[in-house]
Amino acid sequence: MVRIMPVNVVVGGFFGDEGKGKIISYLALKDNIDIAVRGGVGPNAGHTVIYNGEKLGLRQIPSAIVNPKTRLLIGPGVLVNPKVLLNEIAKVKLDNKRVGVDFQAGIIEDKHIDQDRGSSHLKKKIGSTGTGCGPANADRALRILKIAKDIPELKEYLTDVPGELHKALDAGKSILVEGTQGTFLSLWHGTYPYVTSKDVTASAILSDVGLGPKYVDDVIIVFKAYVTRVGTGPLEGELSEEEAKKRGWLEIATVTGRKRRSAPFDFKLARRACKLNSATIIALTKLDIVFPETKGVTNYNDLSENAKKFIREIEEKTGVPVKIISTGPNPEDTIDLR
Ligand code: GTP
Ligand code: IMP
Ligand code: MG
């Protein structure tokens, strides 16, 4: 069957917080996505999107929320904290019919959060987000974790996510698979043990939602124009907090409120991330933070020579074309070369 509508997956190329939220919200609107489905770990993630002119920090609901037409699903491989999810749905006054949670999504209970925060290994050594994800995934591996169908409060949202996706594929609908975290936080490919509790590269994200790799058109890898990392673990070329502040790179984490560490763009890591994810397209965010003269530019030709040189260097060193460039927080602040 020849498919007309695309199936794309978006993943993080560094240590999370590359600006996937912004890129996904742009794609949801621009490509008028029918179904967005979240893979990845769970509510340890934080994505910032601009919704109805307001800044929204999302931890469970897909970032494609910005398109009122898009159905929003959470895959069976993802952890759900029912309180966090139901709060988000209430806060944004989301139509219940837009949201679906797979029967088999794992459930985070208070005890997992207590374990996460009470463990000096997780909280201090690894610098976990304290959201219970690690202990919940450990219980999942032990096969003692509750799943969404065990939770009465989630009843009205329960669905067969892979079933919905494959029906949508047959009907020629567009699907956007939303990854979370970043390549070097992967349990397999990251800076072990300073990583999250599962693999988060494209193959894993697709497995989380029940799509085999052959269904995918583009693997869109998101890089920020500099690197940030929260929690512990190596960060090549790390800047002092003072220098980060001076450059405007000092960010505050969405979920934990911690300061993010920062470093210049890492071409070597980027190249490896492109390989690990079989990336076909690079989306580059916060170009305007490194090159302020590019703020709000929507046309490639209007970028400064320095910015273009930086983009060319990324393409040469990774072998992957930079086709989406973000020059500001709003969906409109985007150069789309696809
Ligand atoms: P992901 O976890 O990858 O989704 O990234 P994030 O959403 O966690 O990043 P964060 O919460 O730190 O949000 C980044 C902030 O920068 C938000 O306020 C965004 O609106 C904003 N932002 C995103 N892309 C750009 C950009 O290209 N330029 C500027 N100036 N701001 C951006
Ligand atoms: P955990 O996933 O909460 O166990 O945290 C393990 C490591 O991954 C810590 O260093 C966290 O800071 C990091 N981490 C997990 N999720 C995210 C994310 O969405 N963005 C950035 N860092 C994350
Ligand atoms: Mg984030």
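Results, tabulated for the structure shown:
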| quantity | calculated |
| --- | --- |
| Selection status of residue 6, surrounded by fewer than 18 Cβ atoms within 10 Å (Cβ to Cβ) and not β-branched (Val, Ile, Thr) | yes |
| Single condition residue 117 does not satisfy, out of (1) in a loop (DSSP other than H, G, I, E, B); (2) under 24 Å from residue 230 (Cβ atoms) | (1) |
| Test for residue 49: is it buried (at least 18 other Cβ atoms within 10 Å of the Cβ), at pLDDT below 95 and either within 16 Å of ligand 3 (Cβ to nearest atom) or on the phi < 0 side of the Ramachandran plot (or both) | yes |
| Residue, nearest to ligand 3 (Cβ to nearest atom), within region 238-277, restricted to residues that are of a type in the set (S, T, N, Q) and in a loop (DSSP other than H, G, I, E, B) | 254 |
| Checking residue 122 against (1) under 23 Å from the mean Cα position of the chain (by Cα); (2) within 15 Å of residue 81 (Cα to Cα), the condition it does not meet | (2) |
| Residue match in region 159-169 (condition: surrounded by 19 or more Cβ atoms within 10 Å (Cβ to Cβ), hydroxyl-bearing (Ser, Thr, Tyr) and touching a residue at least 40 places away in the same chain (Cβ under 8 Å)) | no |
| Near pairs, Cβ below 9 angstrom, 6+ apart or cross-chain, from region 303-327 (touching a residue at least 40 places away in the same chain (Cβ under 8 Å)) to any residue that is exposed (fewer than 14 other Cβ atoms within 10 Å of the Cβ) and of a type in the set (Val, Ile, Thr) | 327/298 |
| Any pair with Cβ under 8 angstrom, 6 or more apart, that starts in region 9-20 at a residue that is in contact (Cβ under 8 Å) with a residue 12 or more places away in the chain and under 19 Å from residue 238 (Cβ atoms) and ends at one that is away from ligand 3 (no atom under 13 Å from the Cβ) and of a type in the set (S, T, N, Q) | 12/183; 13/183; 13/277; 14/183 |
| Residues that are charged (D, E, K, R) and under 22 Å from residue 284 (Cα atoms), drawn from region 244-258 | 245, 246, 247, 251 |
| Subset of region 122-155 [among the hydroxyl-bearing types (Ser, Thr, Tyr) and in contact with a helix residue (DSSP H, G or I) (Cβ under 6 Å, 6 or more places away or on another chain)] | 128 |
| Elements of type strands (runs of 3 or more DSSP E) in region 145-237, at least 3 residues being under 17 Å from residue 99 (Cα atoms) and under 16 Å from the mean Cα position of the chain (by Cα) | 175-178 |
| Test result for residue 307, touching a strand residue (DSSP E or B) at 6+ places or on another chain (Cβ under 6 Å) and either at pLDDT 95 or above or in a helix (DSSP H, G or I) (or both) | no |
| Residue 326 vs. criteria within 16 Å of ligand 3 (Cβ to nearest atom) and modelled with pLDDT of 95 or more | yes |
| Candidates 278, 326, filtered to the one that is closer than 25 Å to residue 31 by Cα, more than 14 Å from ligand 1 (Cβ to nearest atom) and within 17 Å of the chain's Cα centre (by Cα) | 278 |
| Wholly within region 1-76, strands (runs of 3 or more DSSP E) carrying at least 3 residues that are more than 13 Å from the chain's Cα centre (by Cα) and not hydroxyl-bearing (Ser, Thr, Tyr) | 54-58, 71-74 |
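Condition check ((1) touching a strand residue (DSSP E or B) at 6+ places or on another chain (Cβ under 9 Å); (2) within 16 Å of ligand 1 (Cβ to nearest atom); (3) in contact (Cβ under 8 Å) with a residue 12 or more places away in the chain; (4) closer than 21 Å to residue 130 by Cα) across all residues:
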position	(1), (2), (3), (4)
31	yes, no, yes, no
47	yes, yes, yes, yes
73	yes, no, yes, no
92	yes, yes, yes, no
104	yes, no, yes, no
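The values are calculated or read from the model by the stated rules, or taken from the named source; none is laboratory data. Note that the coordinates shown come from a computational prediction; the quantities given were computed from them, not determined experimentally. Heads up, the Cβs are rebuilt from the backbone with ideal geometry, glycines too, and the neighbour counts pull from every protein chain shown.
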